[in-house]
Amino acid sequence: MTTPVPGAARPAPATEAPRTDPEGIRHVLGRLEEPCYIVATPHGPGATTVRPGPHTRVLAALGPLPPERLGSSAFRTRHGVRLAYMGGAMAGGIASEDLVTALARSGCLASFGAAGLLPERIDRALRRFAAELPGLPWAVNLIHSPSEDALERDGVELLLRHGVRCVEASAYLDLTPHVVRYRVAGLRRGRDGRVEAANRLIAKVSRPEVAERFMRPAPQAVVADLLARGLVTAEQAELARYVPLADDITAEADSGGHTDRRPLTALFPALLETRDAVQRELRYPVPVGIGAGGGIGTPHAAAAAYAMGADYVVVGSVHQSCLESGTSEAARRLLAEAGLADCEMAPAADMFELGVELQVLKKGTLFPMRAKRLYELYQRYDGIEALPEKELRRLEEQIFRRPVAEVWQEVEAYFARRDPDQLRRAAAVPRRRMALLFRWYLGMASRWAVTGEADRTADFQVWCGPAMGAFNSWARGTYLAAPENRRAADVARHLLRGAAYAARVHQLALAGVRLPRSCAEYRPAPSAVEGGGR
């Protein structure tokens, strides 16, 4: 072995002939951690990672663009992640402990789908995260529950008791004392005098006016009430005046589950403009971050979000089709077969009386049609006793598939444990009682999908957005096409590397170099062995 002589000239780098064939160009562009040069050759444009000599005509030059550079460094620093990529929460534990763990260990942030779960199940999950993910990032979902205030209140109590440091707040129509309490209870004065927010909050919203409420400091009237009840300290109440309620705002576009189906290209700039106006007024030391979710199912979609200025991207529907998700194999197979147009809106169980809808899979299930029929009956009749005999028989035979009396027994047992006030309010109001019966079906339909209830496949409620169909189309012909090959960290890796690849192709186009489609598209390998997916 030869020892280098100090001060001696370093050997010249090895030469690399520019690649002019499509596969060669793809290979060079895919070496994201290295620079890329497009040069003129006798055979047309060629690509190389080696700096060209003085006599070579350079058509374009690109710096390294590893996935770690996508999005905002502020987001990565704030949440302690390597990648500006988040796995969004899917209720009922579909965004499972395994999913959160897999993404956390791969350098991403993921939110546990706590909505709809009983406290003891959430407690087990939080204990597992504390034991298995020390020092790694993770979040827990807190969903707005206007008809079940106690659930949201108790959820925050549990989060604070476990010292959960990051919450993804979703489906909020307005601020509640509970979400404000979570944020304010984590405020403290740092050694340098600055306000530190130990409890980080990411709000997923689809309306600028709701986003602005999270971008501003917590409402003083709400904070004063929390202080009066002893739920925050006087110092925390004072510090709440100087920080935004949320650290980050996710622009939730056309997503699965709760969604207003806003186009991301319309919603995201609106939230960006709102954030900038608030920042000019309040001058926070660190501006509120803005992320993009809904429709992120392909590298091009992720690249487009980053190009618009997204600090991070949020993926949901696609993760549900991964092995670590908390849904059944039967549901994952339905998701893997979904096309771009195979989604539909249906009534939401948690906000049924308000007429709120969520986006679900319609291919392979009758749930959307049946759920809409229940809402029609709720609007038309004053109670279950007012239903015509024909409608009652159809309800019991086709939808409930059991007598109404049996269903009500289950409803009583469920709410007696979860939220007894619901039963008290329904006792004197037949229409409210009917709503609880119908919510039984809506809730069970999502549970049947999670457990893979074989004789209830036609009633599966599978939350899903068009990103799922887009991902399936992009993955066709690769090892990711089969649901048994879909692992969350692997999917995240390909989406991000593909996004960086797409960004490079776009940079070349802006420089006047347009590549043929055969080498402009990032694709995983046909087999898992070739793609390093296992």
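A simple charge model with +1 on the Cβ of Lys and Arg, -1 on the Cβ of Asp and Glu and nothing else charged puts the dipole of the chain at about 1120 debye relative to its Cα centre.
Sorting Lys390, Lys204 by accessible area (1.4 Å probe), largest first, what list results? Numbers along the way, then the final one.
On the way: Lys390 130, Lys204 25 Å².
Greatest to least solvent exposure: Lys390, Lys204.
Work out the P(r) tail for region 156-197: percent of alpha carbon pairs separated by more than 13 Å, whole number. More than 13 Å apart: 59 percent of the Cα pairs in region 156-197. Toward the positive end of the charge dipole of region 96-231, with +1 on the Cβ of Lys and Arg and -1 on the Cβ of Asp and Glu, the farthest Cα among Pro219, Gly186, Ala110 is that of Gly186.
Here is how the number arises for the chain: DSSP H runs of 4 or more residues each give -39500 (n - 2.57), the sum is divided by the residue count, and the result at 222 nm is -12500 deg cm²/dmol. The DSSP beta bridges internal to the chain are antiparallel in roughly 45% of cases. Taking the Cα centre of region 14-158 as origin, sum charge times position over the Cβ atoms of Lys and Arg (+1) and Asp and Glu (-1), and report the length of that vector in debye to the nearest 20. Once rounded to the nearest 20, the dipole reads 700 debye.
Taking region 24-102 on its own, what percent of its Cα-Cα pair distances exceed 20 Å?
Percentage above 20 Å: 55.
Rg over Rh for the chain works out to 1.03, using Cα positions for both radii and the Kirkwood form for Rh. The packing ranking, built from the mean of other Cβ atoms within 10 Å per residue, places the peptides 464-472, 142-150, 406-414, 497-505 in the order 464-472, 497-505, 142-150, 406-414, highest first.
Over the chain, what relative contact order in percent results from Cα pairs under 8 Å that are six or more residues apart? All intermediate terms of the calculation are to be shown ahead of the outcome.
Details: 990 pairs, mean separation 78.8, N = 534.
Over the chain, the number comes to 15 percent.
Once the 1.4 Å probe is applied to the protein heavy atoms, the chain comes out at 44 Å² accessible per residue.
Would you mind calculating the gained length between Arg514 and Arg425 on full extension (0.36 nm times residue separation, minus the Cα-Cα distance), in nm to one decimal? Intermediate values should be presented prior to the final figure.
Details: separation 89, 0.36 × 89 = 32.04 nm, distance 6.48 nm.
So the extension gain works out to 25.6 nm.
Only lysines eight or more places from Lys362 in sequence, or on another chain, were considered; those with a Cα closer than 17 Å are Lys372.
Its residue count N fixes a reference of 2.2 N^0.38 Å for region 400-476, and the Cα radius of gyration divided by that reference is 1.45. Computed from the alpha carbon atoms alone, the convex hull of region 248-319 holds 84 Å³ per residue.
What is the percent carbon and sulfur in the accessible area of the chain, measuring with a 1.4 Å probe over the protein chains and ignoring ligands? It would help to have the intermediate numbers written out before the result.
On the way: 12300 of 23520 Å².
Of all accessible area on the chain, carbon and sulfur atoms account for 52 percent.
Dimensions of region 82-182 based on its C-alpha atoms, expressed as ranges along the principal axes with the largest first, amount to 37, 26, 23 Å.
Computed on the Cα atoms alone, the convex hull of region 405-534 gives a volume of 189 cubic angstrom per residue. Ordering Pro347, Met444, Ala253 by the projection of their Cα atoms onto the charge dipole of the chain, which places +1 on the Cβ of Lys and Arg and -1 on the Cβ of Asp and Glu, puts Ala253 at the extreme positive end.
When the gyration tensor of region 240-282 is built from Cα positions, what are the square roots of 5 times its three eigenvalues, in whole Å, from largest to smallest? It would help to have the intermediate numbers written out before the result.
Working: eigenvalues 116, 36, 6 Å².
Equivalent ellipsoid semi-axes, largest first: 24, 13, 5 Å.
Only bridges with both residues in region 1-158 count here: give the DSSP antiparallel percent, nearest 5.
Values: 10 of 14 bridges.
Taking every DSSP beta bridge within region 1-158, about 70 percent pair in antiparallel fashion.
Screening the chain for DSSP H helices whose Cα atoms reach 24 Å or more along their own axis and whose mean Kyte hydropathy is at least -1.0 gives 264-282, 430-451, 488-510.
The values are calculated or read from the model by the stated rules, or taken from the named source; none is laboratory data. Keep in mind that this is a model prediction, so the values were computed, not measured. Positions of Cβ are generated from backbone atoms using ideal geometry, with glycine treated the same way; all protein chains shown enter the neighbour counts. Just so you know, the surface numbers come from the protein's heavy atoms only, side chains and all, with ligands and any DNA or RNA stripped out. Shrake-Rupley method; radii C 1.70, N 1.55, O 1.52, S 1.80 Å.
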